[in-house]
Every structure is written in structure tokens, then in C-alpha cells.
Amino acid sequence: MKANDKKSVRLPNHISPVHYSLSIKPDLESFTFSGSEKIKIKILKGSNEITLHSKDLDIETAKYKSDKLEVFADKISYDIKKETATFHFKNKIKKGNGELSIIFSGVISESLRGFYRSKYTFDGKDKFIATTQFEATDARRAFPCFDEPAHKAVFELSLIIKNEHTAISNTLPINIREHESGYKIVSFSPSPKMSTYLLAFIVGEFEYIEGYAKKNSTSVNKFSGPWMREDEGPDHENSFTDSEFTKIRVYTTPGKTHQAKFALDVAIRSLDFYNDYFAIPYPLPTLDLIALPDFESGAMENWGAVTFRETALLVDEENSSLSNKQWVALVIAHELAHQWFGNLVTMHWWTDLWLNEGFASYIEYLAIDKIFPNWKIWNHFLTLDHNIALSLDSLNNSHPIEIEVHHPNEINEIFDKISYSKGASIIRMLALYLGENDFRDGLRYYLKKHSYKNTKTINLWEAFEKVSGKKVKKMMNSWTKQTGYPLVEMKKSGLGATLCQERFYSSRKQKDKNKTFWQIPISYSYTKNEKENVDQIFLEKKSLKINNKPEKLNKDETSFIRVKYDKETLDNIKKEITGGRMSVIDRLGIIRDTFALAESGHIKASEAMELSLVYKNEDEFIVWSEIASGINKIKNIISKEKFSSKYNKYILSLFSPLARQMGFEKKLGEDHSAIFLRNLAISMAGSYGDKDVINKSKKIFSNKILKPIEADIRGAIYGVIASNGGAKEWKEFERMYKKENMHEEKDRIGRAMMMLRNQKEIKNNLSFIMTKNIRNQDFPHMLAILWQNVYARDDIWKFIKKNCKYILKNYGEGGHFLSRVLPSLVNHTDLKTLKDAKKFFKKNSAPGAERTLEQAYERIVSNAAWIRDDKKIIKNWLEKNY
Ligand code: BES
Ligand code: ZN
């Protein structure tokens with residue numbers, strides 16, 4: 001589609017919906033549905049036609065009615081590219097209020113979008129669920145509608161379903177009555193005024209557990225009380241609508257509600273937290289969280305009916321790892337934050353998507369930090385979001401947070417790490433700059449002022465300016481409107497230092513680094529009178545002189561920057577690390593930036609490797625995780641070199657002692673970080689050849705029936721078995737995968753299976769992932785993991801080329817498939833593959849993944865240049881030290 005066509009995909013803006021009465025009758029045998037709707041609309045300009053969104057729907061009739069006129073459309077035309085239907089009328093439809101009545105039908109597809117089906121087995125029988133996923137632009141696949149976020153309206157839904165089925169939607173049923181034999185009509189109460197993408201309806205057999213959150217929770221101790229609060233609801237079932245409580249329910253397919261308890265607890269506590277923090281009570285009487293066996297992303301914030309893939313909601317006390325539990329908690333807190341930020345106040349258009357996603361990705365940590373203070377979740381923010389954003393945004397082919405988008409493919413593509421993780425990181429930077437109270441009050445002001453309306457990024461900055469009196473707009477525009485972020489270089493000068501900013505690029509090609517400058521609040525530590533102090537400065541221009549001599553810049557990594565130090569300061573930092581005098585987050589920041597500077601060519605790879613040795617006594621997971629990621633990156637570029645086995649020695653010199661120290665058993669009184677660290681240590685040591693770890697893992701694995709493997713190390717053990725296994729292990733994983741019913745465990749097994757290294761098993765994997773054993777929702781992930789397997793890389797590329805059309809047709813069309821899988825292309829390090837890939841994707845388009853492709857190309861070039869420059873240096877360093 002050409003640029004101009006892309007722009008014209010917006011609906012004309014002289015018609016807006018006010019109210020939808022929508023009735024849908026799904027048929028879970030033929031997988032079709034029929035529907036009818038009445039849309040009250042406001043017309044600002046007379047015309048003979050009305051256009052709204054519709055995709056893959058058959059519209060039987062459309063009628064327009066106003067005070068003076070009642071007329072059927074004499075022609076209905078479709079624009080496939082724009083995803084619209086236009087009703088043409090003989091008479092002119094005049095300015096004013098009217099009502100559209102439409103009768104339509106469609107297919108309950110397998111596409112994981114629109115109104116789609118999900119399948120599971122229970123008691124040996126195949127069962128189906130019909131469910132919706134509308135964000136960003138797929139409500140139009142379920143009913144003709146004005147499918148843009150600013151067209152907010154009230155929805156009144158009725159579902160005509162089989163008697164044995166349950167219907168869930170945004171609000172509670174107000175009426176259930178009999179229909180023709182075997183069917184019932186479930187009518188839901190009117191929704192709040194909201195965008196189309198937030199509507200949801202789900203039909204199938206479900207079980208649930210329930211609890212209550214208080215709307216105006218004033219109890220001081222609400223975060224330290226007993227765990228379950230199921231019994232703490234109002235005395236009488238029917239009295240909860242009195243607005244004092246919100247009923248929270250967690251729905252699962254039959255037989256899984258025992259895995260819903262953790263989610264219910266987190267949901268109650270999160271809702272309590274947000275009610276309080278935003279100072280606007282959650283407006284609905286119920287909040288449902290629904291686990292679905294087939295779901296494209298992780299979760300979706302439909303107002304009052306939040307949907308999840310099973311792994312993002314269900315926790316099994318015996319079989320869930322702490323890491324999955326943490327993930328579940330974060331996802332719930334994220335989606336519940338959207339009930340305010342997103343649902344109550346919505347972005348005007350998808351250009352401001354980051355407002356939704358960046359904010360929710362920030363505030364989820366704030367909520368979880370309150371609920372689980374021992375987790376020190378903000379530490380994890382650094383490895384789950386901050387570093388990932390720094391990495392992606394160091395590419396020339398990154399994009400600004402606020403970016404113009406038009407076509408659904410473009411919209412889909414910005415659900416990426418820039419909107420989420422960079423968005424969250426710059427909000428964190430701002431929150432710390434404004435201080436807790438001003439930040440919270442700014443949000444309260446913003447949410448109150450724009451409730452039930454739509455906003456742009458500027459409205460949020462205005463709110464913060466209003467409460468803080470600081471120049472938020474100017475500062476934040478430099479972060480949301482410009483691509484990339486700065487490298488701040490520190491040079492000692494006299495008794496003080498000079499700080500200098502330039503854009504940071506991870507690839508070596510020289511680009512114009514001095515075109516953009518950022519407004520950077522930078523805090524730093526320094527010693528005065530033998531005491532450590534922290535000060536903050538504001539770097540707005542190219543450079544700035546300060547009178548103190550910083551010891552660590554960007555204290556606690558609060559700003560979205562990287563730092564390069566002069567030699568003397570870095571030497572001192574090394575001493576501080578060895579002496580145990582540097583904070584966890586600062587230790588992480590130093591090693592993270594050092595590896596990044598090696599990749600970008602600012603320093604030699606050996607300097608980063610040398611620095612990693614200073615971390616021998618490190619004891620925090622997040623720091624080790626950063627070290628592992630730096631080390632793995634270099635391993636990837638040298639994997640085909642002869643000295644690669646020497647490099648393994650270097651890895652083991654760090655991770656074997658760590659694995660030994662952590663052991664395989666949980667220790668009494670161990671903290672959150674240690675549990676994560678054990679998993680990492682075993683998996684690094686085991687996959688790079690530590691004999692003891694491999695043998696012990698084998699023992700644990702072969703004994704797993706008698707003694708189930710502890711869930712927290714299960715992933716690591718499977719991984720070690722796979723990376724050292726062959727045909728026998730593949731068979732065993734295949735057996736386990738097929739019989740497993742718990743999705744978290746299935747994922748763990750599948751992931752391990754993809755890590756087998758022999759040619760035969762790689763071939764087996766390639767056929768296996770194409771079978772029906774793999775759910776569509778899991779296919780992209782499995783393929784991506786397989787592609788990350790160094791030993792499988794070239795085969796996968798051949799496979800993708802060969803099967804591209806089939807894969808796209810079955811998994812990819814319009815979805816996130818390509819943008820999830822194609823990042824794995826970056827693992828290639830040779831220019832031959834690059835050329836081949838470019839040629840291939842010139843012929844075969846990659847809709848919705850064009851930028852992802854450019855990013856991958858850029859990385860391959862960068863990888864190739866890095867090996868060229870540093871190969872000898874790495875080799876010499878290894879020879880000298882190992
Ligand atoms: N609004 C999104 C769901 C979504 C994602 C819709 C992509 C359409 C396209 C939801 O709030 C979300 O962000 N989900 C995340 C999980 C979250 C904890 C990062 C997801 O699904 O990955
Ligand atoms: Zn979200």
C-alpha cells in the first residue's frame with residue numbers, strides 16, 4: 001500500500017457512534033456466528049452514504065432511521081484494503097441524530113483475532129470456547145463498527161448461547177431468558193463509555209473462584225494482611241453492587257481453578273492499590289480475569305473482562321517457578337493498571353499507544369513492589385525492560401516513541417519494546433525526577449480531567465507541569481519525539497569533570513552522532529569530606545562542566561542513558577565493586593554499558609571481558625544475568641571460530657564456581673534473587689560444558705518420576721539435558737510435551753527441546769513444530785527459540801525460506817508473527833545470509849515487520865563488523881588468560 005493510501009485508512013470524522021445494542025449468536029459446531037446491531041449515531045454533515053469498519057463479515061442488510069426517515073441501504077460496498085463497508089442510500093442522510101440497524105454474520109476463526117475459537121480437551125473430549133481479541137483493530141471482524149479509539153460509545157450486548165455455556169463480557173448479565181430449545185439469551189448491563197477495542201465476550205464452559213476488593217480501601221495494613229481474602233466480601237451476594245466492593249473472579253476451563261488462587265490474590269491487592277493510588281475507584285461492580293487455552297499475546301485489558309493466555313494467569317504451587325509467578329503478578333498488575341490508564345482515559349489515536357503501554361509497563365512494578373516488597377521488583381525492571389529498551393533503541397532503525405501510524409499493519413508493529421520498555425523507562429526517569437508525590441498527583445489530575453475521554457501525550461505532560469511547576473514538556477519531548485538516547489561521556493577536568501552527550505549507536509558505522517541532544521537529568525555520587533553524596537545536574541546541551549568528581553554517573557541507573565568513563569574513574573569503580581561498596585543496580589549498569597561499548601566499538605571486547613572478571617564475587621541475580629547476556633553476545637559472534645572452545649573456558653571460570661556455590665537445592669532463608677540465580681548458574685555452567693553440573697542434572701532428570709524436579713530449577717535442568725542430549729532425550733521431551741496439560745510446563749519442555757544440537761534432532765524439531773501438537777499461539781515462540789540455537793541457525797533459515805508462504809498463511813496474516821520471529825534473524829553474523837535475506841524479503845513482503853527486518857539487517861552488519869575488528873583481540877586475550 002502506498003503512503004497516501006495508508007493515510008486514508010481513517011474513517012471520515014463527521015459521523016460518530018454514541019451507543020451500540022449488539023446481539024451475537026455463536027455456533028460452536030459450525031464455527032460461525034450471526035449478529036444484529038443498532039448503532040445510535042451523530043451526523044455532523046449530510047451525505048448519501050455511511051462508512052464504518054467491517055472485515056471478513058457478510059452484511060445482509062443495513063437500515064438508517066431518524067425522526068423523519070427510515071431507509072434501507074440499496075447498495076453495500078466493501079473496501080478490502082481499508083477494512084470498511086459503505087452503505088449507500090437513495091435519500092440524503094441529514095445532519096442530526098439517527099440509528100443504524102445492521103444484520104450480519106461471520107466466521108469464528110482460528111486466527112486468534114476478532115471473534116475466534118480456542119480448543120482444549122477435558123475428560124478426553126474436545127471442547128471449544130469462542131472468545132474475542134479486538135485490540136488494536138479487530139473489533140471490525142466481529143461486528144460492523146467505528147473501530148477507532150476516539151469513537152467511544154456505550155455497548156449493550158446480548159449473547160444467544162447454549163444452555164450449558166457460560167457467557168462473560170465487560171459487565172454483568174442483567175437478564176437471562178430462554179430462547180428456542182436449548183438456547184438462552186444473556187443480556188449484559190450497559191458498558192461504560194469506551195473504545196471498541198475494549199469490548200469482549202467469551203462463551204464456553206468455565207469454572208471460577210472469586211474474592212472482593214474494597215472500592216475505597218482505607219485500611220492501612222492492606223498489603224501485609226493474610227493472603228487470601230476470598231471470605232472478606234460483603235455479607236450478602238446481592239449487596240455488592242452498592243459500590244463498596246468489586247467482585248473479582250478468576251475463570252479457567254474446567255478442572256483448573258486450583259491454579260487460579262495466586263491470580264485472585266494479586267488481582268485483589270492490585271485493585272486495592274490502584275483504587276488508592278489513582279484516587280478514582282474502579283467503576284464496575286465486577287472484574288473478571290479469564291485464562292484462555294489459545295491467546296495471541298500475554299493478556300488483554302478488556303474493561304472488566306481481562307483475558308490471558310494460561311501461562312500469564314495460572315500458577316500451580318507444585319509446578320510453577322518463582323519466575324513464572326513473578327511474570328503472572330506483573331501481567332495482572334499491568335492489565336489492571338490499564339483499567340484506568342487506557343480504559344478510563346484512552347489515547348486519541350495509536351500514535352500515542354505508548355501512553356497506554358509504556359505507562360502500564362512502568363506502574364505494574366510500582367504495584368508489585370507494594371504487594372511483594374521482598375521481591376525487590378525494581379531490580380528486575382532493569383533486566384526485563386530497561387536494558388532491552390537500551391539495546392533496541394541503539395539501532396539506527398529504531399523509532400521515536402511517538403510515531404505516526406495509519407494502517408493496521410503499522411499499528412501492530414508499534415506494540416514493541418520501544419512503546420513498552422523504553423516508554424516505561426522514560427516514565428521511571430520522569431517519576432524519579434518529579435518525586436513520588438508530584439508524580440502521583442499529576443496522574444490523579446490527568447485521570448480525573450480526562451475520564452471517559454481521549455488524550456495525546458502532551459496532555460500528560462501538561463498535568464505534570466501543573467502539579468510540579470517543572471518544565472516537563474520540554475524535557476520529555478526530547479525523549480518521546482526523538483529516536484535513540486545519549487551516551488554520556490565523562491572526562492575528568494581539574495578538580496571536576498566534563499560531561500558530554502552524543503547519540504549512542506550499537507553498530508560501528510559512523511553516523512551523525514551530534515544531531516540530537518536530550519534533556520537529561522543525571523544524578524551522580526561523589527565523595528566529600530569522606531562521605532558519599534548524591535547530586536543531580538541537568539545536561540541540556542552538548543556538554544557541561546561540573547565541579548565535583550563523580551564516582552558513579554547515573555546513580556541507580558535512573559536515566560535512560562549509557563555512560564563512558566575515563567580510565568581513572570573506571571579503575572576506581574573496579575575497586576568499589578571488588579570492595580563491595582557499589583549498589584546492585586550500579587554494578588549492573590557498569591557491566592551492561594561496558595559490554596555495549598564493546599559492541600559499538602568504543603572499547604575493545606577484551607576490556608569488557610576483563611571487567612567481567614572483577615565480578616567473581618557477585619551475588620545478585622540481576623547483575624549475573626547482565627554478565628551472562630554480554631558474554632552470550634560475544635559467544636554468538638565467535639561461535640564458528642576455532643577459539644570458541646577457549647571462550648567456553650572463560651565462561652566456566654565465572655559460572656562454574658557460581659553453580660557450585662548455589663548448588664541444586666534451595667537453602668533456608670534464601671531470598672528472591674538467589675532462586676533466580678541458581679537457575680541461571682546451572683543453565684550457564686551446564687550448557688557450556690561443566691561436567692559436574694551436567695552429571696548432576698542428568699541424575700536429577702532421570703530420577704524425576706520418583707522425585708519431581710523442583711519447579712524453580714526445572715527449566716535449567718531441562719536446558720542442560722537438551723544442550724548435552726541426543727536422540728533419546730529428544731524422544732523423552734517429545735513424549736513429555738505431548739502429554740503435558742499445564743501450559744507453563746509445556747513451554748519449558750518445548751523450549752528445551754528446541755535447544756538440542758544434533759542435526760537429526762534439529763530436523764525432528766523442524767517437523768515437530770509444524771504438527772498440530774504445537775498450538776498456533778506457541779508456534780512463533782518455538783520457531784524463534786529454535787532459530788536462536790547456534791547449531792540450528794542455518795537450517796532454520798533454509799526452512800523459513802522454503803515454508804514462508806505456508807507459515808504466513810497459517811500463522812502470520814496480520815498478526816504479530818513476523819515481528820516476533822524475525823528478530824531471531826539477528827543471530828546471523830555473516831554477510832552472505834544478510835544478502836540472501838534481503839533478496840528474499842524483497843520478493844516476499846513481510847507485512848507489519850518491515851522495521852523489524854531493517855533492525856535485523858542492521859544488527860547482522862554490526863555483528864560482522866564486530867568480529868572483523870575484535871576477532872584477534874578476543875583470541876589473544878583468551879590465549880593469555882585461559
Ligand atoms: N494491550 C495489550 C495487549 C495487546 C498486545 C493487544 C498486543 C494487541 C497487541 C496488553 O495490555 C499487554 O500489554 N499485554 C502484554 C503483557 C504485558 C504484561 C507486557 C503482552 O501481551 O505481551
Ligand atoms: Zn498493556
Item checked: Candidate set from segment 821-854 (those that are among the charged types (D, E, K, R) and closer than 12 Å to residue 413 by Cβ); member that is least open to solvent (accessible area, probe 1.4 Å) -> 851
Notebook entry, point to check: Here are some conditions: (1) within 11 Å of ligand 1 (Cβ to nearest atom); (2) acidic (Asp, Glu); (3) open to solvent by less than 10 Å² (accessible area, probe 1.4 Å). Residue 272 meets all but one. Which one does it not meet?
Noted result: (1)
Check: Consider residue 420 against the criteria (1) touching an Asp or Glu at 6+ places or on another chain (Cβ under 6 Å); (2) away from ligand 1 (no atom under 16 Å from the Cβ): it satisfies all of them except one. Which criterion is unmet?
Finding: (2)
Notebook entry, point to check: Name the residues in segment 291-303 that are within 16 Å of ligand 2 (Cβ to nearest atom) and either farther than 29 Å from residue 127 by Cβ or open to solvent by less than 10 Å² (accessible area, probe 1.4 Å) (or both), would you?
Noted result: 295, 300, 301, 302, 303
Item checked: Residue list for segment 827-841, restricted to those being more than 17 Å from residue 791 (Cβ to Cβ) and touching a residue at least 24 places away in the same chain (Cβ under 8 Å) -> 831, 834, 836, 837, 840
Next item on the list: Return only the number of the condition from (1) more than 12 Å from ligand 2 (Cβ to nearest atom); (2) in contact with a helix residue (DSSP H, G or I) (Cβ under 6 Å, 6 or more places away or on another chain) that residue 424 does not satisfy.
Entry: (1)
Item checked: Residue within segment 454-466 that is of a type in the set (A, V, I, L, M, F, W, C) and within 16 Å of ligand 1 (Cβ to nearest atom) present -> no
Check: Would you pick out the residues in segment 322-353 that are away from ligand 1 (no atom under 12 Å from the Cβ) and farther than 23 Å from residue 200 by Cβ?
Finding: 322, 323, 324, 325, 351
Check: Got a number for residues in segment 423-448 being within 13 Å of ligand 1 (Cβ to nearest atom) and in contact with a Pro (Cβ under 9 Å, 6 or more places away or on another chain)?
Finding: 0
Check: Counting just the residues of segment 315-343 that are in a loop (DSSP other than H, G, I, E, B) and open to solvent by less than 10 Å² (accessible area, probe 1.4 Å), which one comes out nearest to ligand 2 (Cβ to nearest atom)?
Finding: 342
Note to self: Condition (residue is in contact with a strand residue (DSSP E or B) (Cβ under 9 Å, 6 or more places away or on another chain), at positive phi and outside any strand (DSSP E or B)) applied to segment 252-260: is it met by at least one residue?
What the structure shows: yes
Next item on the list: Filter segment 261-277 for residues that are more than 16 Å from ligand 2 (Cβ to nearest atom) and either in contact with a strand residue (DSSP E or B) (Cβ under 8 Å, 6 or more places away or on another chain) or charged (D, E, K, R) (or both) and give the result.
Entry: 261, 263, 264, 265, 268, 269, 271, 272, 275, 276
Next item on the list: Specify the residue that is nearest to residue 22 (Cα to Cα); the eligible residues are those in segment 141-189 that are open to solvent by 10 Å² or more (accessible area, probe 1.4 Å) and within 16 Å of ligand 1 (Cβ to nearest atom).
Entry: 141
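Do you know which of the residues in segment 73-94 that are touching a strand residue (DSSP E or B) at 6+ places or on another chain (Cβ under 9 Å) and outside any strand (DSSP E or B) is nearest to residue 9 (Cα to Cα)?
The extreme case among them is 82.
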Notebook entry, point to check: Would it be correct to say that residue 385 is open to solvent by 10 Å² or more (accessible area, probe 1.4 Å), within 12 Å of ligand 1 (Cβ to nearest atom) and in a helix (DSSP H, G or I)?
Noted result: yes
Notebook entry, point to check: In segment 51-72, is there at least one residue being hydroxyl-bearing (Ser, Thr, Tyr), in contact (Cβ under 8 Å) with a residue 12 or more places away in the chain, more than 18 Å from residue 102 (Cα to Cα) and in a strand (DSSP E or B)?
Noted result: no
Check: Does any residue in segment 447-469 that is outside any helix (DSSP H, G or I) come within less than 6 Å, Cβ to Cβ, of a residue that is open to solvent by 30 Å² or more (accessible area, probe 1.4 Å) six or more places away or on a different chain, and which pairs are these?
Finding: 452/193; 454/150; 454/348; 456/348
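Of all residues in segment 659-696, which are small (Gly, Ala, Ser) and open to solvent by 10 Å² or more (accessible area, probe 1.4 Å)? So that I can check it myself, show each step before the final result.
First, pick out the residues of segment 659-696 that are small (Gly, Ala, Ser): 659, 663, 669, 673-674, 681, 683, 685-687, 689.
663, 669, 673, 674, 683, 687, 689 - these are the residues of segment 659-696 that are small (Gly, Ala, Ser) and open to solvent by 10 Å² or more (accessible area, probe 1.4 Å).
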Next item on the list: Answer yes if at least one residue in segment 281-291 is within 14 Å of ligand 1 (Cβ to nearest atom), outside any strand (DSSP E or B) and not acidic (Asp, Glu), and no otherwise.
Entry: no
Check: So which residues in segment 646-673 are in contact (Cβ under 8 Å) with a residue 24 or more places away in the chain and small (Gly, Ala, Ser)?
Finding: 653, 656, 659, 673
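In segment 95-147, which strands (runs of 3 or more DSSP E) lie fully inside it and hold 2 or more residues that are more than 16 Å from ligand 2 (Cβ to nearest atom), touching a residue at least 12 places away in the same chain (Cβ under 8 Å) and under 24 Å from the mean Cα position of the chain (by Cα)?
Details: elements: 96-107, 114-122, 125-133.
Qualifying strands (runs of 3 or more DSSP E): 114-122, 125-133.
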Check: Does any residue of segment 354-374 turn out to be more than 10 Å from ligand 1 (Cβ to nearest atom), of a type in the set (Asp, Glu), surrounded by fewer than 22 Cβ atoms within 10 Å (Cβ to Cβ) and in a helix (DSSP H, G or I)?
Finding: yes
Notebook entry, point to check: Restricting attention to segment 388-415, and to residues there that are open to solvent by 30 Å² or more (accessible area, probe 1.4 Å) and under 13 Å from the mean Cα position of the chain (by Cα), which single residue is farthest from ligand 1 (Cβ to nearest atom)?
Noted result: 388
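The values are calculated or read from the model by the stated rules, or taken from the named source; none is laboratory data. Quantities reported herein were computed from a predicted structural model and do not represent experimental measurements. Here Cβ is always computed from backbone atoms with ideal geometry, including for glycine, and neighbour counts include all displayed protein chains. Ligands, DNA and RNA are stripped out before the accessible areas are found, and what is left, the full protein with its side chains, is counted by its heavy atoms. Shrake-Rupley method; radii C 1.70, N 1.55, O 1.52, S 1.80 Å.
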